[in-house]
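Below: the structure, in structure tokens.
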Amino acid sequence: MKTRLLLLLLMSFGVVAFGQKMPSDYFQEATRYFNEGDMDKALEGYLYIVENHPRNELYPRALHNVGYVYFLQRKYQESVDAYTKLLNGGHNELEPLGGGIMADPYTNFRHRAATQISDCYYELGQYDSALHYLALSDTVYKYISTCGNAYAEYYIRTALRYADIYQKLGQPDKAIGKLLPQVFDSGLADNSKIIAKLKKLLKGKPKLLKQLDKAIDGVYLKTFTSDYGDYERYCIQWLGVEIRYPYKPWEENTKETVMKKMRESEFYKMVAGL
């Protein structure tokens with residue numbers, strides 16, 4: 001359950017004066033060692049910044065990378081300790097991350113820290129703690145982006161993570177409940193893994209197609225509120241879960257069209273084939 005890649009240097013934060021190495025030099029050196037696969041030297045460089053320059057603007061990035069290198073080295077408790085410091089540090093979540101046009105725009109320090117702590121506890125087999133920190137990353141320390149595709153990918157990735165942990169906890173119905181809101185293709189991210197996992201979880205359950213047809217026949221329009229204003233979506237209720245059909249501006253958005261598209265979806269085909 002690995003999540004995000006190492007945070008990269010956004011820009012040159014310092015200038016070398018009179019041959020003295022600056023924190024940015026240590027950061028760039030550490031990143032080079034990381035890319036070369038020398039984790040011990042990479043860790044040494046990031047730790048130097050963390051231990052000697054706590055007020056430097058590179059500190060939270062270096063601290064994140066310390067936690068990430070520890071995670072890759074399977075030193076999960078050390079990784080948790082580093083990410084806990086980052087989680088409690090109050091750093092700027094909206095600091096520009098840097099990178100290409102498709103990269104995340106913001107650092108999301110606390111969101112990433114909570115997510116990685118969840119990963120650590122997952123690897124340690126402490127699934128209750130893994131679930132707790134995943135929920136924190138999803139509710140208290142929410143992912144922030146400006147890209148619809150990034151959000152769509154995040155929702156799918158998070159649903160799969162919830163489902164995986166609930167399965168480990170022996171709660172398959174809760175796993176199903178987390179996956180169902182992502183069953184209809186938004187056109188922004190691939191949800192095929194959602195369908196594949198649901199196929200395994202739903203196998204053997206009776207009268208699923210009959211219940212799904214009844215749910216689609218009862219589709220309804222509902223108003224939702226977000227930070228950007230109110231919006232409407234067609235929804236169905238199935239297996240105790242409200243499932244929204246995603247709005248697609250390139251499609252006709254009528255009740256009849258939505259019902260037709262639901263029955264043409266890979267999700268419906270999967271249920272029909274069980």
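With +1 on each Lys and Arg Cβ and -1 on each Asp and Glu Cβ, how big is the dipole of the chain about its Cα centre, in debye rounded to the nearest 20?
In total the dipole reaches around 1180 debye.
Between D230 and E153, with labels modelled 7 Å along Cα→Cβ, what's the label distance in nm to one decimal, could you check?
Roughly 3.4 nm, to one decimal.
Before rounding to the nearest 500, sum -39500 (n - 2.57) across all DSSP H runs of length at least 4 in the chain and divide by the residue total; then give [θ] at 222 nm in deg cm²/dmol.
Helix contribution divided over all residues of the chain: -17000 deg cm²/dmol.
Over 23 Å between Cα atoms: which of K178/K210; K174/K207; K207/K260; K174/K199; K142/K248 fall into that group?
Violating the 23 Å limit, Cα to Cα: K142/K248.
Would you look at the GNM of the chain, springs on alpha carbons closer than 10 Å, and say which of T225, T84, T254 moves the most?
Between T225, T84, T254, it is T225 that shows the largest mean-square fluctuation.
Excluding K41 itself, what net charge comes from residues whose Cβ is under 11 Å from its Cβ, given Lys and Arg +1 and Asp and Glu -1?
My count for the surroundings of K41 gives -4.
Counting other C-beta atoms within 10 Å, which of M270, M262 has the fewest, and how do the rest follow?
M270, M262
To make sure I understand the rule: partners must be aspartates and glutamates, Cα under 16 Å from the Cα of K222, and not fewer than 8 residues away in the same chain. Which ones qualify?
D230, E232, E242, E256
When only DSSP loop residues count, what chymotrypsin sites (Phe, Trp or Tyr not before Pro) in the range 198-274 have their Cβ near at most 10 other Cβ atoms within 10 Å?
Here the chymotrypsin sites (Phe, Trp or Tyr not before Pro) that fit, given the DSSP loop and packing criteria, are Y228, W250.
With labels modelled as points extended 7 Å from the Cα through the Cβ direction, what inter-label distance (nm, one decimal) is found for K203 paired with T84?
Placing both labels 7 Å beyond Cα along the Cβ direction yields 4.0 nm.
Could you compute the FRET efficiency for K21 and E242, with r as their C-beta to C-beta distance and R0 at 41 Å, rounded to 0.05?
The value I calculate is 0.15.
Give a quick list of GluC sites (Glu not before Pro) in the range 202-256 that DSSP marks as loop, anything other than H, G, I, E or B, with at most 14 other Cβ atoms within 10 Å.
For GluC sites (Glu not before Pro) across the range 202-256 that sit outside H, G, I, E and B with at most 14 neighbouring Cβ atoms in 10 Å, the list reads E251, E252.
Using 1/(1 + (r/R0)^6) with R0 = 41 angstrom and r between the beta carbons of Y220 and K193, what's the FRET efficiency to the nearest 0.05?
Step by step, r from the Cβ atoms, then E = 0.90.
What value does the chain have for Rg/Rh, both radii from Cα atoms and Rh as Kirkwood defines it?
Using only Cα positions, Rg/Rh for the chain is 1.06.
Set the Förster radius R0 to 41 Å, insert the Cβ-Cβ distance between E266 and E51 as r into 1/(1 + (r/R0)^6), and round the FRET efficiency to 0.05.
E(calc), rounded to 0.05, equals 0.20.
Please list, by residue number, every one of the GluC sites (Glu not before Pro) in the range 51-120 that is coil in DSSP and has at most 15 other beta-carbon atoms within 10 Å.
Taking the range 51-120 and a limit of 15 other Cβ atoms within 10 Å, the loop GluC sites (Glu not before Pro) found are E57.
Every number here is computed from the coordinates shown, using simple stated rules; none is lab data. Every value quoted in this text rests on a predicted model; they were computed, and no experiment measured them. Reconstructed Cβ throughout: ideal geometry from the backbone, glycine too, with neighbour counts over all protein chains shown.
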